[in-house]
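Working notes, structure below.
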Amino acid sequence: MSESALQAQLRISEIFFSLQGETRRIGLPTVFVRLTGCPLRCGYCDTVYAFTGGQNKSLAEILEQVAQYAPRYVTVTGGEPLAQKNCLPLLTALCDAGYDVSLETSGALDIGGVDARVMRVVDIKTPASGEAARNRWENLPLLTQHDEIKFVLCDEPDYRWAKEILKERRLADSCEVTFSPAQGTLAATQLADWILRDHLPVRFQVQLHKILWNNEAGH
């Protein structure tokens, strides 16, 4: 990447080192690059603080800060990271630097331009999130076994809806699918019981960082 390209700016909410709390990489030490801003307003959002604020940083500055932790894994998240146009060159620059990179995205924006080396973790928003109308279904055919789909479920109607989407769109044939309970609205044990009862081909997931640190910023 050229020197001029490395001067491209992004609005960064925080960069921190923690354990991955979700996905198949749960528990792995990871650097998180959280971008500021999101066009969605999901009712269960746990990163409202990332909607605004943050600091402008160049790609070069971000890479330098990430390198200080000497990580293997880097996750770019938000907010909604793809809402910033320079997210795509950031992802490529992190891959070029030798990191194992993942992207956490709401599923409302086009993932087609994301570097093929990146593991894309794509949400499908449920009715209770308040943002189901924003799902970009055109993203689903782009997914491969390298990627993941995530449902955050708030109640039994959400579960039934997600179960139908899983079946109708044959999501488990495309990539790994996770079902997670929204904290404070759906008991984890209840969701686990439903998954077992219905023999769903999904991974049950609770968020490790919330168990360990109660979702404090910087974790």
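A short reminder: the numbers here are calculations on the coordinates, not readings from a lab. Bear in mind the structure is a predicted one, so any value in this text is a computation, not a measurement. All Cβ positions, glycine included, derive from the backbone under ideal geometry; neighbour counts span all protein chains shown.
Key figures
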{"read-out": "Residue of Thr126, Thr178, Thr47 that the Gaussian network model of the chain assigns the largest fluctuation, springs spanning Cα pairs under 10 Å", "value": "Thr47"}
{"read-out": "3J(HN,Hα) from dihedral phi, segment 5-16, Karplus parametrisation 6.51/-1.76/1.60, rounded to Hz, x for glycine, proline", "value": "5, 6, 8, 4, 9, 10, 8, 10, 7, 6, 10, 8"}
{"read-out": "Pairs of Lys in the chain closer than 24 Å at Cα, counting only those 8 or more apart or on different chains", "value": "10"}
{"read-out": "For segment 28-41, Karplus couplings with θ = phi - 60° (6.51, -1.76, 1.60), whole Hz, Gly/Pro x", "value": "7, x, 9, 8, 9, 10, 9, 8, 7, x, 7, x, 9, 9"}
{"read-out": "Most mobile of Leu94, Leu28, Leu171 in a GNM of the chain (Cα contacts under 10 Å)", "value": "Leu28"}
{"read-out": "Karplus 3J(HN,Hα) series, Hz, for segment 192-204 with 6.51 cos²θ - 1.76 cosθ + 1.60 (x for Gly, Pro)", "value": "4, 5, 5, 4, 5, 4, 9, 6, 6, x, 10, 9, 6"}
{"read-out": "Cα-based equivalent ellipsoid of segment 120-219: semi-axis lengths in Å, sorted from largest, via gyration tensor", "value": "21, 17, 14"}
{"read-out": "Leading residue at positive end of dipole, the chain (Cβ point charges), from Asn214, Ala192, Thr178", "value": "Ala192"}
{"read-out": "Cα gyration tensor shape of the chain, rounded if a/c is under 1.5, else prolate or oblate by comparing a/b with b/c", "value": "prolate"}
{"read-out": "FRET efficiency estimate (nearest 0.05) - Cβ-Cβ, Glu3 to Arg169, R0 35 angstrom", "value": "0.20"}
{"read-out": "Peptides ranked, highest mean first, by Cβ atoms within 10 Å: ranges 149-156, 136-143, 6-13", "value": "149-156, 6-13, 136-143"}
{"read-out": "Helix 156-168 axis, angle to the chain major axis (alpha carbon atoms, nearest 10°)", "value": "80 degrees"}
{"read-out": "At most 12 other Cβ within 10 Å, DSSP loop - GluC sites (Glu not before Pro), segment 1-98", "value": "Glu3"}
{"read-out": "Among Gln183, Gln68, Gln84, residue whose mean-square fluctuation peaks in a GNM of the chain (springs only between Cα atoms under 10 Å)", "value": "Gln68"}
{"read-out": "Cβ charges +1 (Lys, Arg) and -1 (Asp, Glu), total dipole of segment 73-164, debye", "value": "120 debye"}
{"read-out": "Sorted by Cβ density within 10 Å, fewest first, the residues Arg203, Arg170", "value": "Arg170, Arg203"}
{"read-out": "Three-way shape label, segment 20-70, alpha-carbon gyration tensor, a/c 1.5", "value": "oblate"}
